[in-house]
Amino acid sequence: MAQLLLSTCHAVDQPRNVHWEETRMSNSMKKIALVTVGLFGLAATTTPANADQFINILTGGTSGVYYPLGVALSKIYGETIEDARTQVQATKASVENLNLLQQGRGEIAFALGDSVKMAWEGDADAGFKAPLDKLRGIAAIYPNYIQIMASRESGITTLAELKEQSLSVGAPKSGTELNARAILAAAGMSYDQLGKTEYLPFAESVELMKNRQLDATLQSAGLGVSSFRDLATSLDVQLVAIPAEIATKLGAPYVAATVPAGTYEGQDADVSTVAVGNFLITHSDVSDDVAYQMTKQLFENLPALSAAHKAADGVKLEDALTGMPVPLHPGAERYYKEKGLL
């Protein structure tokens, strides 16, 4: 499986942008393995007891928050889980990640809470052809803030003023795009009322705005997402407020939230918005021991995650079970019992 995924993954040190953090067998163990094969003639398909554990981490676009956190998690797991070989895969985020987990094409993934709920229920309109019954929970992590940034010259300051304007809503049926649909519907709007709807990832949306080919972009991400930081330093922009009553209309898992002043260059006041929780999800075929270690090492190495992106400051052990939309993996459950949360 690792070979099949190489062509689709991003990286830092590898020519194909694949982040690898490997813990290899010591020379002595290799010698033992070779002697064993020589003496007993084991077939090539035999799996040794100490075979490497492959962990593919499903993230999102490289300009979002999932990706740098996935890179940090890859390093943590590679250094702390015995015999772990880790890989980071850039994806279209939540919906794609959850479908890949169901297919066994990843061991752990970042996903938005509403996407996880719809995946478990099998919401076809959201991109899930049938209930994804193999999904299992690892942890609730930090909230995603649904942020709308508009060029100042567009004159857009409210949701209503998006009408007849061009808006990018994220990749089709991504977690961001599902959030966009929900927000506009709660505001009594639809895509048909926009001047133009673009279905683009974060970085591409920003480039169109820089080129003045797009009025606004909605992005569901942690505070300080790099795409918005880039845009705010390149163009005169403003955040569009999403009133608290939108969160009330939507209900769980949406909540009212605030983007604090100074989060982006030129933002001199707090801006109201709506947030939805993010989760780390695995699947039922991952072993209990691996799921336990993935959960344990996540919470025992939070400073390394926060160093990768400040959104991880919102990851708290005491909140790890809050709003979990799917059953916990038994390995994660074991860790939480040890910590007295269950």
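The values are calculated or read from the model by the stated rules, or taken from the named source; none is laboratory data. This one's a predicted model, so the numbers in the text were calculated from it and none came from an experiment. Note that we place each Cβ from the backbone using ideal geometry, even for glycine, and neighbour counts take in every protein chain shown.
Restrict the check to the range 110-130 and report whether at least one residue is more than 13 Å from the chain's Cα centre (by Cα), of a type in the set (Gly, Ala, Ser), buried (at least 22 other Cβ atoms within 10 Å of the Cβ) and closer than 27 Å to Ser74 by Cβ.
Within the range 110-130, the subset more than 13 Å from the chain's Cα centre (by Cα) is 117-130.
Next, from what is left, pick out any that are of a type in the set (Gly, Ala, Ser): 119, 122, 124, 126-127, 130.
Filter again for buried (at least 22 other Cβ atoms within 10 Å of the Cβ), leaving 119.
If we keep only those that are closer than 27 Å to Ser74 by Cβ too, we end up with 119.
Yes, that holds for at least one residue.
Based on this model, can you work out whether Leu112 counts as of a type in the set (A, V, I, L, M) and touching a residue at least 60 places away in the same chain (Cβ under 8 Å)?
Values: of a type in the set (A, V, I, L, M): yes; touching a residue at least 60 places away in the same chain (Cβ under 8 Å): yes.
The answer is yes for Leu112.
Report every pair of residues separated by at least 6 positions or lying on different chains whose Cβ atoms are under 6 Å apart, first residue within the range 45-64 and closer than 27 Å to Pro172 by Cα and not assigned by TED's automatic domain parsing to the domain that holds Gln87, second at pLDDT 50 or above and buried (at least 22 other Cβ atoms within 10 Å of the Cβ).
Close Cβ pairs satisfying both conditions: none exist.
Table: residues versus (1) under 19 Å from Gly104 (Cβ atoms); (2) in the same structural domain as Lys134 (by TED's automatic domain parsing).
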{"position": "Ala256", "(1), (2)": "no, no"}
{"position": "Gln267", "(1), (2)": "no, no"}
{"position": "His283", "(1), (2)": "yes, yes"}
{"position": "Met294", "(1), (2)": "yes, yes"}
{"position": "Gln297", "(1), (2)": "no, yes"}
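Is it true that Ser168 is within 30 Å of Ser306 (Cα to Cα), in contact (Cβ under 8 Å) with a residue 40 or more places away in the chain and among the hydroxyl-bearing types (Ser, Thr, Tyr)? It would help to see each step written out before you state the result.
Values: within 30 Å of Ser306 (Cα to Cα): yes; in contact (Cβ under 8 Å) with a residue 40 or more places away in the chain: yes; among the hydroxyl-bearing types (Ser, Thr, Tyr): yes.
It is true that Ser168 is within 30 Å of Ser306 (Cα to Cα), in contact (Cβ under 8 Å) with a residue 40 or more places away in the chain and among the hydroxyl-bearing types (Ser, Thr, Tyr).
Of all residues in the range 220-253, which are among the β-branched types (Val, Ile, Thr) and over 17 Å from Pro143 (Cα atoms)? Working first, answer last.
Quick first cut of the range 220-253, residues among the β-branched types (Val, Ile, Thr) only: 225, 233, 237, 240, 242, 246, 248.
If the condition is that a residue be among the β-branched types (Val, Ile, Thr) and over 17 Å from Pro143 (Cα atoms), then Thr233, Val237, Val240 are the ones that fit.
Is one or more of the residues making up the range 169-183 more than 26 Å from the chain's Cα centre (by Cα) and assigned to a loop (DSSP other than H, G, I, E, B)? Let's see the steps before the verdict.
Here is the first cut: in the range 169-183, the ones more than 26 Å from the chain's Cα centre (by Cα) are none.
For the range 169-183, residues more than 26 Å from the chain's Cα centre (by Cα) and assigned to a loop (DSSP other than H, G, I, E, B): absent.
Is it the case that Asp133 is over 28 Å from Gly78 (Cβ atoms) and assigned to a loop (DSSP other than H, G, I, E, B)? Let's see the steps before the verdict.
On the way: over 28 Å from Gly78 (Cβ atoms): yes; assigned to a loop (DSSP other than H, G, I, E, B): yes.
Yes; evaluated as a whole, the condition is true for this residue.
In this structure, is Ala139 assigned to a strand (DSSP E or B), surrounded by 22 or more Cβ atoms within 10 Å (Cβ to Cβ) and at pLDDT 95 or above?
Values: assigned to a strand (DSSP E or B): yes; surrounded by 22 or more Cβ atoms within 10 Å (Cβ to Cβ): yes; at pLDDT 95 or above: yes.
Spelling it out, Ala139 is indeed assigned to a strand (DSSP E or B), surrounded by 22 or more Cβ atoms within 10 Å (Cβ to Cβ) and at pLDDT 95 or above.
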